[in-house]
């Protein structure tokens with residue numbers, strides 16, 4: 001019997017399972033033979049949350065559901081080189097979950113699940129992300145607080161049913177579609193029985209019809225001088241909330257309308273002394289941007305009194321154009 005050793009490479013890929021079978025491919029190859037195929041790219045981004053330094057989520061696969069037909073699952077994998085005693089090498093693939101720190105993906109930053117994956121053309125009903133997130137002593141999905149403490153993250157039935165996004169989309173034949181999943185952590189992380197859980201709030205955005213909003217907050221507004229701040233520290237409680245429509249009715253995050261589309265934290269601009277923000281992946285349209293210095297008091301499970309100190313109407317016209325809102329003393 002040959003003795004063998006196993007060497008794992010670091011190359012991540014995707015394996016296709018479902019109605020079509022086989023392995024996913026990049027590019028159309030002979031386009032004349034791919035009239036019923038299109039290309040799909042999928043990324044993930046994040047709307048950040050206070051008091052947490054890192055949020056690691058372990059993803060094992062992505063599933064998409066055609067409107068007509070069975071769902072198709074793309075499993076993350078790595079290649080394995082098996083070296084026999086005679087020096088011959090064979091290569092195979094094994095599942096390899098992908099771990100992503102979502103707090104690295106603020107503003108217009110995103111991480112790719114896959115690029116230009118060839119998929120059947122047509123209409124799709126939903127996307128499901130399979131995650132490993134069970135509070136069982138294994139740090140697959142977890143958070144690191146700003147004080148350095150680490151807590152596991154659990155998603156009720158998440159490891160079985162995954163994170164499902166019931167947003168339809170289409171992939172035209174011989175076309176390329178790029179979409180981004182916005183994982184809104186401010187709305188999603190809750191505490192129950194002294195444990196941290198994810199109550200995922202996800203939205204799916206077509207990159208071809210999305211832009212961003214950016215601006216700055218005068219430093220005088222962020223230090224708690226005026227009434228309505230949670231404390232006098234510029235590092236805590238300061239955020240902008242983005243609501244659909246101009247002159248929108250403003251409210252906290254409490255799972256009841258009106259809810260913000262998303263939120264963004266501030267970062268110090270050392271050149272100006274002010275605090276900048278950026279909100280990415282917003283569909284073209286009109287928005288109300290509101291600044292608060294009480295965001296750390298906004299519990300997504302309760303109706304809280306959050307004071308918004310300044311607001312501005314902003315239009316995101318095209319993907320090439322961005323909106324802007326400046327807030328001054």
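The values are calculated or read from the model by the stated rules, or taken from the named source; none is laboratory data. The structure displayed is predicted, hence computed values, not measured ones. When we count neighbours, we look across all protein chains shown, and the Cβ atoms used for this are built from the backbone with ideal geometry, even at glycine.
Quick notes on this structure:
- Positions within the stretch 268-314 being exposed (fewer than 14 other Cβ atoms within 10 Å of the Cβ) and either over 21 Å from the mean Cα position of the chain (by Cα) or closer than 20 Å to residue 218 by Cβ (or both), in sequence order: 269, 270, 271, 272, 273, 302, 303, 305
- Yes/no for residue 191 being at pLDDT below 85, farther than 15 Å from residue 53 by Cβ and outside any helix (DSSP H, G or I): yes
- Residue 81 vs. criteria at pLDDT below 95, more than 18 Å from the chain's Cα centre (by Cα) and outside any strand (DSSP E or B): no
- Where strands (runs of 3 or more DSSP E) fall wholly inside the stretch 223-289, the ranges with 3 or more residues that are closer than 17 Å to residue 305 by Cα and in contact with a strand residue (DSSP E or B) (Cβ under 7 Å, 6 or more places away or on another chain) are 239-244.
- Yes/no for residue 119 being in the same structural domain as residue 146 (by TED's automatic domain parsing) and at pLDDT below 90: no
- Among the residues of the stretch 13-21, some residue qualifies, meaning at least one is more than 30 Å from residue 297 (Cβ to Cβ) and either exposed (fewer than 12 other Cβ atoms within 10 Å of the Cβ) or modelled with pLDDT of 80 or more (or both).
- Filter result for residue 186 (in contact with a strand residue (DSSP E or B) (Cβ under 6 Å, 6 or more places away or on another chain), in contact (Cβ under 8 Å) with a residue 60 or more places away in the chain and not in a loop (DSSP other than H, G, I, E, B)): yes
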